[in-house]
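I have placed the structure first, in the form of structure tokens, so that the comments after it can refer back to it.
The values are calculated or read from the model by the stated rules, or taken from the named source; none is laboratory data. Nothing here was measured: the structure is a model prediction, and the numbers come from that model. In this analysis, Cβ positions are derived from the backbone assuming ideal geometry, glycine residues included, and neighbour counts consider all displayed protein chains.
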Amino acid sequence: MLLPLLKLIHLLALVAWFAAAFHLARVFNAHRAGLRRWEPERGLLHERFTRMERRVLFGLAWPALVVLVAMGLWQLWSMPGLLKEPFMHLKLGLAALLIVYQVMLHRVQARLQAGSLAWSGPALWLFGQGAWLLLIALLATVVFRDQLGWTWGAMGLLVLGGVVGFVVMKARGGTKEEPASPTDQGNR
């Protein structure tokens, strides 16, 4: 009886996270448009959109993601045989991308709050469509789970490994820039 309840909570958290991601994409675009207004309207809109974004990020997106990951890990702990399935490797890779996308949402919100987001409107719109791609990929993985072979599982593991490697690299401070050669400095 407990496992179906955990699956339900897992799916509800997934729906809540995607609802937050879709909503944030629209609010980010409205916020960016509000920053082009004149004062005092600009300041009022900036304050209002910042509050809205923070409520969605910290009141819905982050809690939903934490519950989503926790329920997913609980299911894997309850059914460790799933880790041998190729569809699960792909699903874990997509879950890693979902976490990276959440961190990117947070960074976009922080830059909008600071008024330093340099993305154009179309670029911000395109970024918002990333949630749709993740949703389609996750749903296709679940629906076609029995048809997915080792190739797709290996791709999922590669994505997961790439995301983990990227996070480790960023946590260590990234790569150090090499000093520019004298010929490069003359071209600037």
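At a glance:
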quantity: Residues (part of a helix (DSSP H, G or I) and aromatic (F, W, Y)) located in segment 96-142; calculated: Y101, W125, F127, W132
quantity: Lone qualifier among G153, G174 - being modelled with pLDDT under 85 and either touching a Phe, Trp or Tyr at 6+ places or on another chain (Cβ under 6 Å) or surrounded by fewer than 11 Cβ atoms within 10 Å (Cβ to Cβ) (or both); calculated: G174
quantity: Residue check, M52 more than 14 Å from the chain's Cα centre (by Cα) and part of a helix (DSSP H, G or I); calculated: yes
quantity: Complete set of residues in segment 36-66 that are exposed (fewer than 14 other Cβ atoms within 10 Å of the Cβ) and aliphatic (A, V, I, L, M); calculated: L44, V66
quantity: Long-range neighbours under 7 Å by Cβ, at least six apart or interchain, first residue over 21 Å from H23 (Cβ atoms) within segment 36-59, second surrounded by 13 or more Cβ atoms within 10 Å (Cβ to Cβ); calculated: R37/L45; R42/G34; R42/L35
